[in-house]
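As structure tokens, the structure follows; a few thoughts come after it.
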């Protein structure tokens, strides 16, 4: 049982570290996917409360799909990508 608690602590620390990357806007798609996976992993380990981890996983998944914002580090490094939908 102690091994599971150690894995939960390691997963929580990794999720926090990748969460910092998400806040900075660095490696947004990768960091968002990792945070979503780790939060779901924490839910299945039953570490902590269910709903905050589920909310964090949903937000990280949304950020993964949306990509970095205009003021993110990714945007400054790689340039901002605009998608314009025009009428046919």
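Coordinate-derived values only; no laboratory data. Bear in mind the structure is a predicted one, so any value in this text is a computation, not a measurement. Every residue, glycine as well, gets a Cβ built from its backbone with ideal geometry; the counts of neighbours run over all protein chains shown.
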Using the alpha-carbon atoms, what tilt in degrees (0 to 90, nearest 10) does helix 28-45 show relative to the longest principal axis of the chain?
20
With angles folded into 0 to 90 degrees, how steeply does helix 2-24 sit against the dominant principal axis of the chain? Use alpha carbons for both and round to 10.
20
Compute the FRET efficiency between residue 66 and residue 10 as 1/(1 + (r/R0)^6), taking r as their Cβ-Cβ distance and R0 = 35 Å, and round to the nearest 0.05.
0.80
Any chance you could list the semi-axes, whole Å, largest first, of the equivalent ellipsoid that the Cα gyration tensor gives for the chain, using √(5λ)?
31, 14, 8
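Which whole-number percent is the relative contact order of the chain (Cα, under 8 Å, 6+ apart)? All intermediate terms of the calculation are to be shown ahead of the outcome.
Details: 90 pairs, mean separation 25.7, N = 88.
The value is 29 percent.
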Tilt, helix 50-66 to longest principal axis of the chain (alpha-carbon atoms), in degrees rounded to tens, equals 30
